[in-house]
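Trainee: Quick one: structure below, then a few questions.
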Amino acid sequence: MKGCFYNPNVHPYTEHEKRLEAARRCAEAQGFELVGEPKYLLQEFLRAVAFREADRCTICYRMRLEYVAHIAKRGRFDAFTSTLLISPHQKHDLARSLGEAVAKEAGVDFFYHDFRDLWRDSRALSNEFDLYHQQYCGCIYSEFERYGGARRKRS
């Protein structure tokens, strides 16, 4: 089994590095290889969503799923999936439909399962292994909304 880290949407750089380190520590603790792109690629994400911010989740999910599908295809994996499917805060139906579409385009299977019932368990495991657990999706827009920007904007 392998895990893949690819998060071009994550901002700021320190948040990206916390998530990458947590992924590395999780891979080590669980005994799987971590592959993917550890570079900070925020500019790629921003170029993709500029002037299409209302569709940022669709664009972000597609970017991430296409990357993982490519890794899976190149590595001759049986299938790929996404941690998006465990979060009760993500757009589950969108992640599923994009995962299925990307899989068809790439010619590799997408393993779908609704993992949201395991979300609390994942939090407990994060605590057990002392892994960083993010407080927002990671994108600059979500960060702005999380820390009050949306409220200030309406005033």
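Trainee: What's the number of the only condition in (1) closer than 24 Å to F144 by Cβ; (2) in contact (Cβ under 8 Å) with a residue 24 or more places away in the chain that L85 fails to meet?
Mentor: Failing condition for L85: (1).
Trainee: Shifting gears a bit: Does A95 satisfy being in contact with a His (Cβ under 9 Å, 6 or more places away or on another chain) and over 20 Å from H11 (Cα atoms)?
Mentor: no
Trainee: Another question, then. Just name the residue that is farthest from V35 (Cα to Cα) out of those in region 110-132 that are out of contact with any strand residue (DSSP E or B) (no Cβ under 8 Å at 6 or more places or on another chain) and in a loop (DSSP other than H, G, I, E, B).
Mentor: Among those residues, the one meeting the criterion is D114.
Trainee: Sort out which residues of region 27-43 are without any contact (Cβ under 8 Å) to a residue 12 or more places away in the chain, farther than 24 Å from L125 by Cβ and not polar (S, T, N, Q), and write them in order of number.
Mentor: K39
Trainee: I would also like to ask the following. Can you tell me which residue among R64, R76 is touching a residue at least 40 places away in the same chain (Cβ under 8 Å) and either assigned to a helix (DSSP H, G or I) or not acidic (D, E) (or both)?
Mentor: Testing whether each residue is touching a residue at least 40 places away in the same chain (Cβ under 8 Å) and either assigned to a helix (DSSP H, G or I) or not acidic (D, E) (or both) leaves just R64.
Trainee: Next up: Starting from region 134-146, take each residue that is at negative phi and list its partners that are assigned to a helix (DSSP H, G or I) and of a type in the set (S, T, Y), counting only C-beta distances under 9 angstrom and pairs at least six apart or across chains.
Mentor: Y136/S142
Trainee: Filter region 6-26 down to residues that are free of Cβ contacts under 8 Å to residues at least 60 places away in the same chain and surrounded by fewer than 18 Cβ atoms within 10 Å (Cβ to Cβ), then give me how many there are.
Mentor: Residues flagged as free of Cβ contacts under 8 Å to residues at least 60 places away in the same chain and surrounded by fewer than 18 Cβ atoms within 10 Å (Cβ to Cβ) within region 6-26 amount to 4.
The rows are residues; the columns are (1) hydrophobic (A, V, I, L, M, F, W, C); (2) touching a Pro at 6+ places or on another chain (Cβ under 6 Å).
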site	(1), (2)
L41	yes, yes
H70	no, no
D114	no, no
S122	no, no
L125	yes, no
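Trainee: Considering region 62-84 alone, what residues qualify as being among the basic types (K, R) and either modelled with pLDDT under 95 or farther than 13 Å from N9 by Cβ (or both)?
Mentor: Matches in region 62-84: K73, R74, R76.
Trainee: Here's something else I'd like to know. Hey, could you check region 79-109 for residues that are more than 15 Å from the chain's Cα centre (by Cα) and not in a helix (DSSP H, G or I) and say which is surrounded by the most Cβ atoms within 10 Å (Cβ to Cβ)?
Mentor: V108
The values are calculated or read from the model by the stated rules, or taken from the named source; none is laboratory data. Everything quoted here is computed from the prediction, not taken from an experiment. Methodologically, a virtual Cβ is constructed for each residue, glycine included, from the backbone with ideal geometry; neighbour enumeration extends over all protein chains shown.
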